[in-house]
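None of the figures in this text is laboratory data; all of them are computed from the coordinates on show. Just so we're clear, the structure is a prediction, and the values are computed from it rather than from any experiment.
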Amino acid sequence: MMQNKINLGLVFGGRSGEHAVSLRSSRSVRSVLDPARYNVFEIGITLEGKWLSGENALSAFENSDTGSLQAVSLLSSDGKVGLYRHQGDKLQLITELDVIFPVLHGTFGEDGTIQGLFEILNVAYVGAGVLASAACMDKAVCKDLAQSAGIPVLPYRVFSRSQITDYLEEVITLSEAVSAYPLFVKPANLGSSVGISKAGRREELRVALLKAARFDRRVLVERGIDAREIEISVLGNDNPLVSVPGEIVPEDVFYTYKDKYLSGDPETIIPAPFDAKLTRKIQEYALRAYRAVDGAGLSRVDFLVDKHSGELFLSEINTMPGFTSISMYPKLWKASGLEYPDLVDRLIALALERKADQDKTVRRYED
Ligand SMILES: Nc1ncnc2c1ncn2[C@@H]1O[C@H](COP(=O)(O)OP(=O)(O)O)[C@@H](O)[C@H]1O
Ligand SMILES: [Mg+2]
């Protein structure tokens, strides 16, 4: 008997600095979605936040030619979620959706906000839930959770924008108490190395703090080390699997936006050339961190290894990492024996499993 096809909403773009990266990740996902298994509905979110759909919506976004697309909304009715087209002041049902794959990075896509919308709509979706998405979007909260799970992180301190603008000298003094220079200064919330600086002395710290505070209300000051950069992929819900670790060899002083997205691919070494003991430790920490943040679906967990002491530190967790077929997350799975198309299928199955598990939750209490 033929199983029913799955109606899948592929959501891309978004109001984020990583809009363009999302289109690239989505193109890769789109190209491996088996038409025999999925009816795919392409839904793009513009940089201004408009939701648009139509056949070949992804191409339209790629070509910045969205004029022929239709405004759409997701609404729930009768316990199902529907994709509706706007017709004047009326709404017309296009289709019901079984699952949504939000291939969105960064703000409003990876930070728990759109996940909250999907929860309210009561629809299955790929990736982490509200809690893990929001917690991992904030580098400080993520580190706090990792640390309380016994995973080492570099010493850091968080300052608010108002502290930085109103009490800059005090903030500088407190920052210098975190560690000797160099210090890394980062907006808590952005990705792609935007707003991040390495400060080698007080004057640079001052500039770095003011710069980071433009990009977020919360700013981290962290001990800077001479680091090797390690990334590892986690996949699953309650029984997550972990890939082999990979190492990134940056071209620049640190792994910048340019390295990641503009100058092609930074060099990677997969698996990272570590002995079995360090490899196991990285894998163990990655799984522990994933559980600590209540990860689901997927995450890429990033570590720094001190080049001199060999010490290992968790750096950050990305709940929707770059997902083109040549991005680190899928490459680590490929090296671990899971091909990209199977990875995409697995993620969709995990989304449906997680929804089924959520549906078991008792939500009415009667005596
Ligand atoms: N404490 C640190 N010591 C040394 N290098 C760091 C440190 N923090 C960040 N970096 C470098 O900066 C890059 C970007 O920082 P990261 O926290 O990963 O932000 P993003 O969200 O932009 O990926 C890292 O990949 C690494 O190269
Ligand atoms: Mg990073």
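Mind telling me which of Tyr84, Tyr125, Tyr329 comes out most flexible in a GNM of the chain, alpha-carbon contacts under 10 Å? Evaluated over the chain, the most mobile residue of the options is Tyr84. Largest first, the extents of the alpha carbon coordinates of segment 6-125 on the three principal axes equal 35, 32, 29 Å.
Which whole-number percent of Cα pairs in segment 41-184 have a distance greater than 20 Å?
63
Between Ala180, Ala134, Ala57, the residue with the greatest mean-square fluctuation in the GNM of the chain (Cα pairs under 10 Å linked by springs) is Ala180.
Computed over the alpha carbons of the chain, Rg followed by Dmax gives 21.3, 71 Å.
In terms of distances greater than 31 angstrom between alpha carbons, the cross-link table entries Lys334/Lys355; Lys143/Lys355; Lys5/Lys139; Lys277/Lys360 yield Lys5/Lys139; Lys277/Lys360. Which one of Asp65, Asp89, Asp226 has the biggest mean-square fluctuation once the chain is modelled by GNM with Cα springs under 10 Å? In this elastic network of the chain, the residue with the biggest mean-square fluctuation among Asp65, Asp89, Asp226 is Asp89.
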